[in-house]
Amino acid sequence: MQNFFLAVGLILIANAFVCLFRAIVGPTLPDRIVAINIVGTKTLVILVLIAHIFGQHMYIDTAFVYALLNFIVTVAVARYLETGGLPSA
């Protein structure tokens, strides 16, 4: 079963590099933002796979924090693109 998870992890890493290529070459800014968000989500899944394979629950906590940061950054960038700026405090 660990070999299966390792294979899935390698496929996800390869797919993340394809998305990273799209983030660099992307024709429009929203395409690049979605590609970066996808890379973040794949990184999250890879962290959970590593936690399961090696039995290190610390990686799951790290994945939760990373998911929260990924969500906050995506919302901030979407708001910036929609309104042209971020609200001041």
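Details
- Residue ID - modelled with the highest pLDDT, chosen from residues in region 74-89 that are assigned to a loop (DSSP other than H, G, I, E, B) and of a type in the set (G, A, S): G84
- Cβ pairs under 6 Å, 6+ apart, first in region 65-82 and farther than 15 Å from L29 by Cα, second assigned to a helix (DSSP H, G or I): Y66/L44; A67/L44; N70/G40
- Annotation: of all residues in region 24-60 being modelled with pLDDT under 90 and charged (D, E, K, R), the one that is least open to solvent (accessible area, probe 1.4 Å) is D31.
- Single residue of region 1-20 satisfying the filter (open to solvent by less than 60 Å² (accessible area, probe 1.4 Å), in contact (Cβ under 8 Å) with a residue 24 or more places away in the chain and not small (G, A, S)) that is nearest to A35 (Cα to Cα): L12
- Every residue from region 26-70 that is of a type in the set (G, A, S) and not in a helix (DSSP H, G or I): G26, G55
The values are calculated or read from the model by the stated rules, or taken from the named source; none is laboratory data. Remember, predicted model here, so these are calculated numbers, not experimental data. Cβ atoms come from the backbone with ideal geometry, glycine included; neighbour counts cover every protein chain shown. Surface accessibility is based on the protein's heavy atoms, side chains included, excluding ligands, DNA and RNA. Shrake-Rupley method; radii C 1.70, N 1.55, O 1.52, S 1.80 Å.
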